[in-house]
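Asks: Pasting a structure below so you can have a look.
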Amino acid sequence: MSFRKAATFITVLLVIMLCLSVCASAHNENTASGTRTLTEPKDEKGVEEVGLFDLESKTVLLNSGYTMPVMGLGTYALDHDTCVDSVKTLLANGGRLIDTAYMYRNEEAVGEGVREAMAEYGIPREDIFVITKIYPNQFHDPEAAIDMALEKLDIGYIDMMLLHHPGTNDVKAYKAMEKYVEQGKIHSLGLSNWYIEELTSFLPQLTITPALVQNEIHPYYQEQEVVPFIQEKGIVVQCWYPLGGRGYTAELLGDEIICAIAEAHGVSSAQVILRWDLQRGVVVIPGSSNPDHIRENLDLFVFELTEEEMEAIAALDRGEKHDWY
């Protein structure tokens, strides 16, 4: 090989290496931003990546090693019979994620709905993902609280248990949950209503990193700093009140920007908001007792929001929290 040819070959090689370096930097920058769009959740070796949504299975891989559906049902304020019916409606229509809590006073109803749906629809237990929470007034005796939840739900094990709020003895309660993970009675752990300051002081005290943080998030309260802060730690974000919460839903669903986007795609305002969450990498658990709404809230993969539409919804943020915690 002549000197000129060798020099040309080396130059080309350096250009290729530079391009690869730039691409890698761009990938790392996007990951650091906290953005988790709906992308194929596998790296070049075919290994699933924590925190990215799988379009085919409609699940996300948690840092605990378990997969969780990316949309489901919140059961806050549902009475026993309504809760049973709503859970069964969700499961009959392909939904597999259900959120409850000790303070919702319907864990027994959720368990009943799950057991009946398994029997009637032939759904394997391992396909269903149930989240519950223990409340600060239970943190002094967390083992009793966990045992009570297991007994009330009566579904063999709890897929995920959260601490409902920060409070006295919250580290003690979390460490008790860690022991139940070791026993196989709880699969994954998480937190609800934890923000940057609380997480910064709390996380270093734990053995098992939370797989999920569940906070209030909707277009008028977007947590644009909190969401990426959590995601950068390999923790999945889930939102309660995705449609604004009781007393605020009508205003949010009637927002002119959201309505215009919904009309452009031939879907409802609720579907636009839930899809916006998914494209941010945020799991959704809208509450509803209306069978039609439950079905509609699961139908989020027939359209995709453009970058311009995502930006238009991002501009709606008012920092307007609709509940105290």
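Conditions tested, residue by residue: (1) of a type in the set (F, W, Y); (2) modelled with pLDDT under 95.
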residue	(1), (2)
V226	no, no
I230	no, no
D255	no, no
A262	no, no
W276	yes, no
F303	yes, no
M310	no, no
W324	yes, yes
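Conditions tested, residue by residue: (1) in contact with a Gly (Cβ under 8 Å, 6 or more places away or on another chain); (2) hydrophobic (A, V, I, L, M, F, W, C); (3) over 29 Å from P142 (Cβ atoms); (4) in a helix (DSSP H, G or I).
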residue	(1), (2), (3), (4)
D85	yes, no, yes, yes
K88	yes, no, yes, yes
G95	yes, no, yes, no
E108	no, no, no, yes
G111	no, no, no, yes
R115	no, no, no, yes
E120	no, no, yes, yes
E126	no, no, no, yes
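Asks: Does any residue in the stretch 167-187 that is under 20 Å from E151 (Cβ atoms) come within less than 8 Å, Cβ to Cβ, of a residue that is exposed (fewer than 14 other Cβ atoms within 10 Å of the Cβ) and not polar (S, T, N, Q) six or more places away or on a different chain, and which pairs are these?
Replies: Partner pairs satisfying both residue conditions: A176/E143.
Asks: If you scan the stretch 189-216, which residues turn out to be farther than 27 Å from Y157 by Cβ and either within 11 Å of the chain's Cα centre (by Cα) or among the aromatic types (F, W, Y) (or both)?
Replies: Y195 - this is the single residue of the stretch 189-216 that is farther than 27 Å from Y157 by Cβ and either within 11 Å of the chain's Cα centre (by Cα) or among the aromatic types (F, W, Y) (or both).
Asks: Still on this structure: Take E304 and decide whether it is part of a helix (DSSP H, G or I) and surrounded by fewer than 20 Cβ atoms within 10 Å (Cβ to Cβ).
Replies: When the stated conditions are applied, E304 does not pass them.
Asks: How many residues are assigned to a helix (DSSP H, G or I) and touching a residue at least 40 places away in the same chain (Cβ under 8 Å) when one looks only at the stretch 241-263?
Replies: Within the stretch 241-263, residues that are assigned to a helix (DSSP H, G or I) and touching a residue at least 40 places away in the same chain (Cβ under 8 Å) number 3.
Asks: Residues D277, D323, D317: which one is buried (at least 16 other Cβ atoms within 10 Å of the Cβ) and in contact with a strand residue (DSSP E or B) (Cβ under 9 Å, 6 or more places away or on another chain)?
Replies: Details: D323 fails: buried (at least 16 other Cβ atoms within 10 Å of the Cβ); D317 fails: buried (at least 16 other Cβ atoms within 10 Å of the Cβ).
Every option except D277 fails the conditions.
Asks: I'd like to check something: does the stretch 233-240 contain any residue that is charged (D, E, K, R), part of a helix (DSSP H, G or I), surrounded by fewer than 23 Cβ atoms within 10 Å (Cβ to Cβ) and out of contact with any Gly (no Cβ under 8 Å at 6 or more places or on another chain)?
Replies: no
Asks: Going through the stretch 50-98 one residue at a time, which ones are of a type in the set (S, T, Y) and closer than 27 Å to T209 by Cβ? Step through it out loud before you land on a result.
Replies: Let us first name the residues in the stretch 50-98 that are of a type in the set (S, T, Y), namely 57, 59, 64, 66-67, 75-76, 82, 86, 89.
Of everything in the stretch 50-98, those that are of a type in the set (S, T, Y) and closer than 27 Å to T209 by Cβ turn out to be S57, T59, S64, Y66, T67, T75, Y76.
Asks: Check whether at least one residue in the stretch 130-147 is crowded, with 21+ Cβ neighbours inside 10 Å, under 21 Å from Q238 (Cβ atoms) and among the hydroxyl-bearing types (S, T, Y), and report yes or no.
Replies: Scanning the stretch 130-147, I find at least one residue that is crowded, with 21+ Cβ neighbours inside 10 Å, under 21 Å from Q238 (Cβ atoms) and among the hydroxyl-bearing types (S, T, Y), so the answer is yes.
Asks: Right, next: Exactly one of these conditions fails for V267: (1) part of a loop (DSSP other than H, G, I, E, B); (2) under 27 Å from F129 (Cβ atoms); (3) touching a residue at least 40 places away in the same chain (Cβ under 8 Å); (4) not basic (K, R). Give me its number.
Replies: (3)
Asks: Only one of (1) hydrophobic (A, V, I, L, M, F, W, C); (2) within 20 Å of the chain's Cα centre (by Cα); (3) not in a loop (DSSP other than H, G, I, E, B) is not met by V171, so which one is it?
Replies: Failed condition: (2).
Asks: Moving on to the next point. Given the condition small (G, A, S), surrounded by fewer than 16 Cβ atoms within 10 Å (Cβ to Cβ) and modelled with pLDDT under 95, answer yes or no: does some residue in the stretch 83-96 qualify?
Replies: Looking for residues that are small (G, A, S), surrounded by fewer than 16 Cβ atoms within 10 Å (Cβ to Cβ) and modelled with pLDDT under 95, one finds none in the stretch 83-96, hence no.
Asks: Name the residue, out of L300, L252, L278, that is among the aliphatic types (A, V, I, L, M) and in contact with a Gly (Cβ under 7 Å, 6 or more places away or on another chain).
Replies: One residue alone meets the criteria, L252.
Asks: Determine which member of the set D141, D154, D147, D127 is of a type outside the set (A, V, I, L, M, F, W, C) and within 22 Å of the chain's Cα centre (by Cα). Before the answer, list the steps.
Replies: Values: D141 fails: within 22 Å of the chain's Cα centre (by Cα); D154 fails: within 22 Å of the chain's Cα centre (by Cα); D147 fails: within 22 Å of the chain's Cα centre (by Cα).
Residue meeting the stated conditions: D127.
Asks: Another question, if that's okay. Please state which of the following conditions L203 fails to meet, knowing it meets all the rest: (1) in contact with a Lys or Arg (Cβ under 9 Å, 6 or more places away or on another chain); (2) assigned to a helix (DSSP H, G or I); (3) crowded, with 20+ Cβ neighbours inside 10 Å.
Replies: If we test L203 against (1) in contact with a Lys or Arg (Cβ under 9 Å, 6 or more places away or on another chain); (2) assigned to a helix (DSSP H, G or I); (3) crowded, with 20+ Cβ neighbours inside 10 Å, just (3) comes out false.
The values are calculated or read from the model by the stated rules, or taken from the named source; none is laboratory data. Remember, it's a predicted structure, so these values are computed and weren't measured experimentally. No Cβ is skipped: glycine too gets one built from the backbone with ideal geometry, and neighbour counts run over all protein chains shown.
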